[in-house]
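Please treat every number below as a calculation from the coordinates, not as lab data. Quick caveat, the model's predicted, so the values are computed rather than measured. Cβ placement follows ideal geometry from the backbone for every residue including glycine, while neighbour counts extend to all protein chains displayed.
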Amino acid sequence: MSYQPVSFHPAPVTAAAAPAADTWPVDAVLALFELPFNELLYRAQQVHREHFDPAEVELATLLSIKTGGCPEDCGYCPQAARYDTGVTAQKILPLDTVLQAAREAKSHGATRFCMGAAWRSPKDHDLEQVEQMVREVKALGLETCATLGMLGEGQAQRLKQAGLDYYNHNLDTAPEFYENIITTRDYQQRLNTLGQVRGAGIKVCCGGIVGMGESRLQRAGLIAQLANMDPYPESVPVNHLVQVEGTPLHGIDPLDPLEFGRTIAVARITMPKARVRLSAGRRQMGEAVQAMCFMAGANSIFYGDKLLTTGNPEVEQDQALLAKLGMRARSGAVDARCEVSS
Ligand code: SF4
């Protein structure tokens, strides 16, 4: 079957961002998933090489500025207050602590710094504190990004005025599977926030999580939603579920690693110029699966031994892996977003 996009999308969720002129029907995305594995990876490599240096990878760092105690019910998330996961709710970090972390990130070569907060949506006084962080981090000469949950009217503009460069807000999964994972906010609310971010002129980081019990068709549905945004996100984090004890998704059947690789390849083909980020779950993958994902077109990873709350490979391990693969960090651009959605 053809993998070319066609200009008809059969069942889109009404998006705040209108569909692109060339859109990806879910069945065309599914056809990509169903290609012979080597054919899929070959095509993904071809697309990747048209737009990126295949030896280059973007490194990411992430700071949780407000951990735990979240009122939402995302079934994968250890920060949801309703699940007993051992994550202790903390107040927002003081500005000095954030700046210290930002300086440290910069001293390790970072040019961008991401702040993640476990909120349903930021209240006005929360946003004031984040605006201050954004201004001060920006003053250090770093690019800024944030993941703070749903944004209300005018909040994206405020963040933009404070100097925010990127905002992360993930779709998580396909619209058809969404209610199995989250019930405290709906898909359209996510799309609305993304529309506000775009409307304010902030770059979009948006992806999802696979391995949550969704079908291949539903994985294709997620990718179609992302690829059909106009424009599609600059950054697409593809998270592999990290099963955390105490969350509803703990104990489900794990996703086949080859299927994860297929998801990366399909994201690369459908969103050729996006940074496709290997996000949560990398520690569980091992080197061979990560190498396969780079072959499939991933060109960004999280860097550092902790994400928002879950573990990540040690920096030295990552450096050794990149050296083994003959890959190098993208110079002057340490990116930082998107472990999970907020
Ligand atoms: S993913 Fe974000 S919104 Fe959902 S429970 Fe976790 S912190 Fe809250």
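Does CYS145 satisfy the condition of being closer than 26 Å to VAL266 by Cβ, within 16 Å of the ligand (Cβ to nearest atom) and part of a loop (DSSP other than H, G, I, E, B)? Spelling it out, it is not the case that CYS145 is closer than 26 Å to VAL266 by Cβ, within 16 Å of the ligand (Cβ to nearest atom) and part of a loop (DSSP other than H, G, I, E, B).
Residue count for segment 167-216 under the criterion of being assigned to a loop (DSSP other than H, G, I, E, B), within 14 Å of the ligand (Cβ to nearest atom) and among the polar types (S, T, N, Q): the result is 4.
In the set (1) near the ligand (Cβ under 9 Å from one of its atoms); (2) in contact (Cβ under 8 Å) with a residue 12 or more places away in the chain; (3) basic (Lys, Arg), the condition left unmet by ARG82 is number (2).
If you take the residues of segment 85-98 that are within 15 Å of the ligand (Cβ to nearest atom) and among the polar types (S, T, N, Q), which of them is surrounded by the fewest Cβ atoms within 10 Å (Cβ to Cβ)? So the residue we want is THR88.
Screening MET150 against (1) touching a Leu at 6+ places or on another chain (Cβ under 8 Å); (2) within 16 Å of the ligand (Cβ to nearest atom); (3) hydrophobic (A, V, I, L, M, F, W, C) leaves a single unmet condition, (1).
With respect to the conditions (1) within 20 Å of ARG185 (Cα to Cα); (2) out of contact with any Asp or Glu (no Cβ under 8 Å at 6 or more places or on another chain), MET115 falls short on a single one, namely (1).
Considering only segment 217-232, I want to know if a residue exists there that is in contact (Cβ under 8 Å) with a residue 60 or more places away in the chain and in contact with a Gly (Cβ under 6 Å, 6 or more places away or on another chain). No. Yes or no: MET133 within 14 Å of the ligand (Cβ to nearest atom) and buried (at least 23 other Cβ atoms within 10 Å of the Cβ)? It is false that MET133 is within 14 Å of the ligand (Cβ to nearest atom) and buried (at least 23 other Cβ atoms within 10 Å of the Cβ). Please find, within segment 116-130, the residue that is farthest from the chain's Cα centre (by Cα) out of those that are outside any loop (DSSP other than H, G, I, E, B) and within 13 Å of the ligand (Cβ to nearest atom). Ranking the qualifying residues of segment 116-130, first place goes to ALA117. Among the conditions (1) under 24 Å from VAL315 (Cβ atoms); (2) part of a helix (DSSP H, G or I), the only one that ASP27 does not satisfy is (1). Considering each residue of segment 99-111, count those that are surrounded by fewer than 22 Cβ atoms within 10 Å (Cβ to Cβ) and either outside any loop (DSSP other than H, G, I, E, B) or within 14 Å of the ligand (Cβ to nearest atom) (or both), and give that number. The total comes to 7. Candidates are the residues of segment 40-72 that are polar (S, T, N, Q) and within 17 Å of MET292 (Cα to Cα); the one that is nearest to the ligand (Cβ to nearest atom) is GLN45.
Conditions tested, residue by residue: (1) over 20 Å from ALA105 (Cα atoms); (2) in contact (Cβ under 8 Å) with a residue 24 or more places away in the chain; (3) touching a strand residue (DSSP E or B) at 6+ places or on another chain (Cβ under 7 Å).
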| position | (1), (2), (3) |
| --- | --- |
| VAL134 | no, yes, yes |
| LEU164 | no, yes, yes |
| LEU171 | yes, yes, yes |
| PHE177 | yes, yes, no |
